[in-house]
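Taken together, the values in this text are just the output of simple stated rules run on the coordinates, not laboratory data. Please read all numbers here as calculations on a predicted model, not as lab measurements. Note: ideal-geometry Cβ built from the backbone for every residue, glycine included; neighbour counts use all protein chains shown.
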Amino acid sequence: MDERRMFSRILFATDARLTQGETKWETTILDLSLNGALVEEPPHFNNSGEAITLCFTLPESDIEISIDTELVHQKNAQLGLKCNFIDVDSISHLKRMVELNLGDASLLNRELILFIEKHNTTD
């Protein structure tokens, strides 16, 4: 199965910030899943190969979500980011957003189990 299809994506347009090393870019999130995000490619984006941190504030709140990601594709002025690490508070808020948008608890539970399996490896 194609990994991009393992996690349900929700449309979620909001301003965000990408940070890679000392470089920061402003962007807009196009959609989110438990395992990553699709964002607009910011002007002057130049991928150094380092991890990229995606940060955004939930609309009408002061809750900030931060996700350590890696670039998995760059095309059509969009960046596909895969989650490498997310803190407990951020994943809790992201889980709730996905839950509200999916409306299917069994699908969300399946995706949470898959997310835990994919990210619960020891190096």
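Between the beta carbons of Cys55 and Arg96, assuming R0 = 22 Å, the FRET efficiency works out to 0.80 to the nearest 0.05. The GluC sites (Glu not before Pro) found in the stretch 1-103 that occupy coil by DSSP, while having at most 14 further C-beta atoms within 10 Å, are Glu22, Glu50, Glu60. Counting only aspartates and glutamates at least 8 places from Lys118 when in the same chain, those with an alpha carbon closer than 12 Å to its own are Glu3.
Stretching Val88 away from Glu70 to a fully extended chain increases their span by 4.6 nm, per 0.36 nm per residue minus the current alpha-carbon distance.
For the stretch 14-30, putting each phi into the Karplus relation 6.51 cos²θ - 1.76 cosθ + 1.60 with θ = phi - 60° gives couplings of 7, 5, 8, 10, 10, 10, 9, x, 8, 9, 10, 10, 8, 8, 10, 6, 9 Hz, in residue order, rounded to whole numbers and with x for Gly and Pro.
Counting Lys +1, Arg +1, Asp -1, Glu -1, what net charge surrounds Ser66 among other residues with beta carbon under 10 Å of its beta carbon? For residues surrounding Ser66, the net value is -3.
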